[in-house]
Protein chains: 2
Amino acid sequence: MRPLFHPAIEDVRPEAILHALADPSRAAIFAKIMQAGCVEACSAVAAVGDRVIPKSSLSNHIKVLREAGLIRSERHGVEVRNHSRWIEVEARFPGLLAGIINAYASDVGSDLRAASKTVAR
Amino acid sequence: MRPLFHPAIEDVRPEAILHALADPSRAAIFAKIMQAGCVEACSAVAAVGDRVIPKSSLSNHIKVLREAGLIRSERHGVEVRNHSRWIEVEARFPGLLAGIINAYASDVGSDLRAASKTVAR
DNA sequence: CCGTTAGTTCCGAAGTTCCGAACTATGGGC
DNA sequence: GCCCATAGTTCGGAACTTCGGAACTAACGG
């Protein structure tokens, strides 16, 4: 199976990050991965709120997050483990992720309320 | 002519802001409007770097920024004056715009280097 | 091996974006 | 008042993106 592609941190583009996180499901998935430190399996993340994301869409969301440089995915046997590249991204674009996560968190009805606690301000 | 629609600040959604600014031309337009305080005419903003944006695309970009809640547009005779809603947006989503503008500014080759000076850190 | 679980790929339908051309609105000159 | 120029908007089609079901592949357990 083809190895998973990850951009080097210096190749990460702000527009890719914004595009990736402009989708609330994707932002929620990213927030979950971030909070967990290391979420085992994409499927651990398959539900956003009360809505279940179909496998193929989920696979695609994860790919978008990965190629934007937001997460790192490793195959572990039959599953893929995802963890956030928060520290690297924060070093490259200080305040960007915190601003975004907090914006979603302060937005009523969002699934990201919990994530904002992870983001020191 | 139909009046221009502006969302109330409490109706502004983070995903709309991210989507609007995920496009580098739109981010550059927003940055220009922000720096100028009040840019007269859309056309004052018609070139991004060395690339000229066609009128119809520009009109659309301005509309996206307006409906995301990032700018306010007023018709003044034959032209439209745009100014940024920075202060309102900053109050609602603290750190969001600064994070985004700085991310673009620190990205080599971006047209937003100048804008970051406007953003206190 | 075969079954099961986890994820990826394929592909068609639906939606979005881009931009040229045609249009509309406003103000200035005569 | 009428015409022109200027500034933006709308329309429409081609190109691109997104979504999700079905079929596929990969790895492990028995």
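The values are calculated or read from the model by the stated rules, or taken from the named source; none is laboratory data. All of these numbers come straight from a predicted model, not from anything done at the bench. A quick note on method: Cβ atoms are made from the backbone with ideal geometry, for glycine too, and the neighbour counts reach across all protein chains shown.
Conditions (1) over 11 Å from the mean Cα position of the chain (by Cα); (2) surrounded by fewer than 19 Cβ atoms within 10 Å (Cβ to Cβ); (3) within 14 Å of chain B (Cβ to nearest Cβ), marked per residue:
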{"residue": "A:R2", "(1), (2), (3)": "yes, yes, no"}
{"residue": "A:D11", "(1), (2), (3)": "yes, yes, yes"}
{"residue": "A:L18", "(1), (2), (3)": "yes, no, yes"}
{"residue": "A:A27", "(1), (2), (3)": "no, no, yes"}
{"residue": "A:E40", "(1), (2), (3)": "yes, yes, no"}
{"residue": "A:A46", "(1), (2), (3)": "yes, yes, no"}
{"residue": "A:V52", "(1), (2), (3)": "yes, yes, no"}
{"residue": "A:L58", "(1), (2), (3)": "yes, no, no"}
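Only a single item in (1) in contact (Cβ under 8 Å) with a residue 60 or more places away in the chain; (2) within 15 Å of DNA strand C (Cβ to nearest atom); (3) assigned to a loop (DSSP other than H, G, I, E, B) is not met by A:G69, and it is number (2).
I'm trying to understand the selection: among the residues of the range A:36-52, which are part of a loop (DSSP other than H, G, I, E, B) and either within 7 Å of DNA strand C (Cβ to nearest atom) or farther than 21 Å from A:E74 by Cβ (or both)? Scanning the range A:36-52 gives A:A41, A:G49, A:D50.
Within the range A:45-65, the set of residues being hydrophobic (A, V, I, L, M, F, W, C) and either in contact with a helix residue (DSSP H, G or I) (Cβ under 7 Å, 6 or more places away or on another chain) or touching a residue at least 12 places away in the same chain (Cβ under 8 Å) (or both) comprises A:V45, A:A46, A:V48, A:I53, A:L58, A:I62, A:V64, A:L65. Among the residues of the range B:91-121, those identified as assigned to a loop (DSSP other than H, G, I, E, B), modelled with pLDDT under 75 and not hydrophobic (A, V, I, L, M, F, W, C) are B:G109, B:R113, B:R121.
In the range B:78-102, the residues that are within 9 Å of chain A (Cβ to nearest Cβ) reach residues that are within 16 Å of DNA strand C (Cβ to nearest atom) with C-beta atoms within less than 6 angstrom, at least six apart or across chains, in these pairs: B:I100/B:L21.
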